[in-house]
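Notes to accompany the following structure.
The values are calculated or read from the model by the stated rules, or taken from the named source; none is laboratory data. Since the model is a prediction, treat every value here as computed from it, not as a measurement. Here the Cβ is made from the backbone with ideal geometry for all residues, glycine too, and neighbour counts use every protein chain on show. When the accessible area is computed, the model is the full protein with side chains, heavy atoms only, and any ligands, DNA or RNA have been set aside. Shrake-Rupley method; radii C 1.70, N 1.55, O 1.52, S 1.80 Å.
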Amino acid sequence: MIDRFDDAVVLPTLGTQLGLDLNHESESVARPGQYFSASQVDLDTYDQIIVCMSGGKDSIACLLHLLDLGVDRSRVELWHHEVDGREGSSLMDWPFMTSYNRQLAAAFELPIYFSWLDGGFEGEMLKENSYSRAHHIETPEGLLTLARDTVRALPATRRKFPQVSASLQTRWCSSALKIDVGRRALNNQTRFNNKKVLFITGERRQESANRARYNQLEPHFCDRRNGMKARHVDAWRPVLDWDEERVWDALKRHQVLAPVPYRLGWGRSSCMKCIFNDRRIWATLREHFPGSLEAIADYEQQFECTISRDRIPIMDLSRQAKPFEIRDVKALAQALDSQYKLPIYASSDYPWETPAGAFTKTGCGPS
Ligand code: SF4
């Protein structure tokens, strides 16, 4: 039997708990502690401050903003969810992303904890009459491996790409690979009990009509401030009202070099082969990263379902646009190297530059 437990139960519940209208069917209802605008919070009242660090400009801007506000660094830690997991898949993400985030954290002298769904995107996509796999979560005490609920859930099948949509039920990758992993990381660490935690993410209203309606501060869906665990968790989106210019200004002021995807011409730093990629990105991958689309093309044939919602096979799509001319040869060389070898900070030998992808809309879509 094919059961859609995650889609039918887990993901809609996440949406409700988030206070977001994930399906555009209803307006969220204001709750205590929920603010549409909250550009300032009293950072000193939080025991722990978690910055969800994707490695893109907006999450870096969140961190830089905290530093500008004089945050006590000893309370700050970075979390990064690895989209491909660590079991051997390299289907979706940039190969350097883990190494880049590790070096970014080291440059700011902050701890970083990685977490992932076993098998990553590919493992979840290939689920066939089976359960979702375990979550792996790094913590200060070591690696936690959390099994999945096989009592309430029934085996399920995906065997198709997540579909482009604002709905997290249809676009299951963000939920399964990021939101749900973060939820379990918060819920399964006793170090957060009886503590006040600030959970920071880098969405901006300018990115989409959906994000324009987000609250800037609200109880996180893992908040249990009134429960037995007395775990107070606020979700804060400090750059929600920022425009892109302010984001790049922050990186320039702190002399943090633009991450590689923007240097190649991408307008956003998402998975290398994100389902939201437009024709130009697919054309660029085909031109500059030969062989990078074949695995996706193979799966399209197996699933009889394309990654593009327009139902155009990836190889055809990649021929319908002109690839970027990539002039940044250092970024291009870095792009396929799993070890991040470029500097994090600009210097006199490596000056800060506005990247080719800044202020463009190429490949835009939620992450
Ligand atoms: S970046 Fe794109 S492909 Fe990757 S998880 Fe987000 S929406 Fe899915």
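Just one of the numbered conditions (1) within 16 Å of the ligand (Cβ to nearest atom); (2) closer than 30 Å to Lys127 by Cβ is not true of Val260: (2).
Would you pick out the residues in region 109-122 that are surrounded by fewer than 22 Cβ atoms within 10 Å (Cβ to Cβ) and more than 12 Å from the ligand (Cβ to nearest atom)? Answer for region 109-122, where residues must be surrounded by fewer than 22 Cβ atoms within 10 Å (Cβ to Cβ) and more than 12 Å from the ligand (Cβ to nearest atom): Glu109, Leu110, Pro111, Ile112, Tyr113, Phe114, Asp118, Gly119. The residue pairs whose first member lies in region 158-179 and is closer than 23 Å to Val51 by Cβ, whose second member is among the aromatic types (Phe, Trp, Tyr) and near the ligand (Cβ under 10 Å from one of its atoms), and whose beta carbons are closer than 8 Å, counting only pairs six or more residues apart or on different chains, are Cys173/Phe121; Leu177/Phe121. For region 245-268: of the residues being open to solvent by 20 Å² or more (accessible area, probe 1.4 Å) and modelled with pLDDT of 95 or more, which is nearest to Gln163 (Cα to Cα)? Step by step, filter region 245-268, then rank; the result is Arg263. Taken over region 147-163, residues that are farther than 17 Å from Val83 by Cα and either of a type in the set (A, V, I, L, M) or touching a Cys at 6+ places or on another chain (Cβ under 6 Å) (or both) amount to 5. Exactly one residue out of Ser89, Ser59, Ser132, Ser54 is touching a Gly at 6+ places or on another chain (Cβ under 6 Å), of a type in the set (Ser, Thr, Tyr), within 16 Å of the ligand (Cβ to nearest atom) and open to solvent by 10 Å² or more (accessible area, probe 1.4 Å), and it is Ser89. Which of the residues that make up region 311-320 are under 20 Å from Cys173 (Cα atoms) and in a helix (DSSP H, G or I)? Listed by number, the list holds a single entry, Ile314. Taken over region 220-231, the criterion of being part of a strand (DSSP E or B) and out of contact with any helix residue (DSSP H, G or I) (no Cβ under 9 Å at 6 or more places or on another chain) is satisfied by no residue. Taken as a whole, the condition of being more than 16 Å from the ligand (Cβ to nearest atom) and either over 24 Å from the mean Cα position of the chain (by Cα) or in a helix (DSSP H, G or I) (or both) applies to Pro323. The requirement of being out of contact with any strand residue (DSSP E or B) (no Cβ under 8 Å at 6 or more places or on another chain) and closer than 21 Å to Glu82 by Cβ is fulfilled somewhere in region 185-208, by at least one residue. Whether any residue in region 287-297 is touching a residue at least 60 places away in the same chain (Cβ under 8 Å), within 30 Å of Ser175 (Cα to Cα) and open to solvent by less than 40 Å² (accessible area, probe 1.4 Å) is what I want to check. Yes; the residues of region 287-297 include at least one that is touching a residue at least 60 places away in the same chain (Cβ under 8 Å), within 30 Å of Ser175 (Cα to Cα) and open to solvent by less than 40 Å² (accessible area, probe 1.4 Å).
Residue-level check: of (1) out of contact with any helix residue (DSSP H, G or I) (no Cβ under 8 Å at 6 or more places or on another chain); (2) at negative phi, Trp242 misses just (1).
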